[in-house]
1. What are the semi-axes of the equivalent ellipsoid for segment 14-107, taken as the square roots of 5 times the Cα gyration tensor eigenvalues, largest first, in whole Å?
2. Explain nothing, just compute: Karplus ³J(HN,Hα) = 6.51 cos²θ - 1.76 cosθ + 1.60, θ = phi - 60°, for every residue of segment 49-58 in order, whole Hz, x for Gly and Pro.
3. Averaged over every viewing direction, what's the projected area of the C-alpha convex hull for the chain? Give it in nm², one decimal, please.
4. For the chain, what is the percent of antiparallel DSSP beta bridges, rounded to the nearest 5?
5. With the contact rule set at Cα under 8 Å and sequence spacing of 6 or more, what percent relative contact order holds for segment 10-120?
6. If you roll a 1.4 angstrom probe over the protein chains with everything in place, what fraction of the accessible area of the chain belongs to carbon and sulfur, to the nearest %?
7. Sum up the charges of everything whose Cβ sits under 10 Å from the Cβ of Ala78, counting Lys and Arg as +1 and Asp and Glu as -1, but leave Ala78 out.
8. Relative contact order of the chain, please, whole-number percent, based on alpha carbon pairs below 8 angstrom and at least 6 residues apart.
Amino acid sequence: MVRSEENAYWISLAHIPKWGSAKINNLIIKIYHENKITIDEFFHLSEDEWKNIYGLSDNDITDLLKAKPGLPNNAFLAEDLLNQGFSLIPIISPDYSSILKSNLKSTYSPPLLYVKGDKQMFQEKSVAIVGSRNAAEISLKFTDCIAQMVTNEFKVVVSGFAKGVDKQALDSALKYNGRSIIVLPQGIMTFGSGFKTYYKQIVEGNVLVLSTFYPKAPWRPELAMARNPIIYGLANEIYVAESSEKGGTWSGVIDGLRKNRTIYVRKPLPTEQNANNILIQKGAIPVEFTDNKIGIVHIEMAMELHEGSKAVVIPGEEPVEEKIREILKDSRLPAEEILEKLNNDWSIKKLFKVLHSLNFIEITKKKGKSYFNIRADSDTEQLELTL
C-alpha cells in the first residue's frame with residue numbers, strides 16, 4: 001500500500017520533463033521489484049547509488065537532482081489534493097486500473113493517476129465511445145444508443161469530455177442511470193466548473209474524473225491529444241460514432257487497430273462525408289445503425305469485408321483470440337486441429353487469416369506443414385506492478 005507521505009515523490013517523478021512513461025515505469029520496476037525499496041528511499045540515495053545500482057546516466061541524475069528541490073512544494077500540493085477529496089493512484093497501487101495497465105503496458109501506462117470519484121470503476125468492464133467534436137445528428141443518436149446498451153450491461157462508459165460525441169456519451173450514460181469515467185485533457189485542479197456540474201453524480205458514485213497531467217496544468221491542444229490513448233486504454237471495447245481522416249479519433253483508432261484492439265465503427269450512410277468506411281476497411285468492425293437500432297455485422301461478414309482483417313468478436317461472446325490462446329496453451333498444432341477444437345464453421349482459409357493476424361502466435365514449419373503455437377515471449381510486455 002502506498003503511504004500518503006510518498007505522494008510528493010510520486011508527483012516529482014511522474015512529471016520530470018522529457019521523461020516518458022516507459023522510462024519512469026522501468027525505473028519504478030527497479031525500485032520496487034528488483035531492489036524492494038520505496039520511492040522516498042530511492043530519492044534519498046546518493047548519486048553513486050543511482051548510477052551503480054540503477055544504471056542511471058549523468059543526464060538522468062541531473063534531472064533527478066533538479067526535481068528534488070520541488071519536493072516541498074509537491075508535498076503541499078499533495079496535501080491540498082487530498083484535502084479537496086482527490087486521490088493519487090501510482091501504478092503500483094491495487095487501485096490502479098488493471099485494464100489500462102494491460103492495454104498500454106509499461107511503455108505507455110501513466111505512472112500516476114489523479115482522480116475524484118469511485119475508484120472501483122477502474123476494476124469494472126468499460127466501453128469507450130468516441131467521435132468527432134462536430135458530429136452529425138445520426139452520430140449523436142448512435143452514441144446515445146450505445147450508451148444505453150452499455151449501461152444496460154452494467155458496464156462503465158469512458159469519454160473525454162469534449163463537445164460532440166464525448167459529451168453525448170457522458171450525458172446519455174447518466175440519463176440511463178449508468179456510470180461514466182471522464183478523462184480530462186488538463187490538470188484535475190483546473191476542472192472546477194465540471195466538479196460543480198457533476199458534484200451530485202460524483203458523490204453518488206456515478207462519475208469518476210481522471211487526469212494524468214500535472215494537477216494545475218491548463219487545457220492545451222497537446223494535452224487533448226495525449227489524453228486520447230488513455231481513453232482507449234481504459235476500455236475493454238471501443239465504439240466510434242464518427243471520425244474524420246485526421247485528429248484524435250482517427251489516430252486513436254489507427255493505433256488501436258495496430259495493437260489488435262477490438263474497435264467497432266458505425267457504418268455510415270451513403271450520403272455522409274466522413275472516414276468511417278476507411279476505418280472499417282483498415283480492420284474495424286462495422287456496426288449497422290438504422291431506425292435508431294444497433295446491429296453488429298456478423299463475424300463471418302466482417303471477416304470477408306477486407307483482406308488481412310483482425311480477429312473479431314461479437315459482444316457477449318468469448319473473443320476468438322482467447323479461445324485460440326487456450327487451445328494452444330500447452331500445444332503446437334496445425335490449423336486443422338485448431339479448427340476442430342474451435343468447433344465452428346470457419347474455413348481453413350479464414351482461420352489462417354485470423355492466426356496470421358494475432359501477434360502472440362508463432363508459426364513454424366515442419367516437412368512443409370505449418371504449425372501454430374504461442375510465442376515464448378508473448379507476455380513479456382505485461383507490466384507486473386501489483387504491490
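1. Calculated on Cα positions only, the semi-axes equal 23, 19, 12 Å.
2. Residue by residue, segment 49-58 yields 5, 4, 6, 7, 8, 9, x, 6, 7, 4 Hz.
3. 21.4
4. Roughly 45 percent of the beta bridges in the chain run antiparallel, per DSSP.
5. So the answer I get is 36 percent.
6. Roughly 49 percent of what the probe reaches on the chain is carbon or sulfur.
7. Within the 10 Å Cβ shell, the charges total -4.
8. Once normalised by length, the contact order is 13 percent.
The values are calculated or read from the model by the stated rules, or taken from the named source; none is laboratory data. These numbers come from a predicted model, not from an experiment. Glycine also receives a Cβ, built like all others from the backbone with ideal geometry; neighbour counts cover every protein chain displayed. SASA here: full protein model, heavy atoms, side chains in, ligands and nucleic acids out. Shrake-Rupley method; radii C 1.70, N 1.55, O 1.52, S 1.80 Å.
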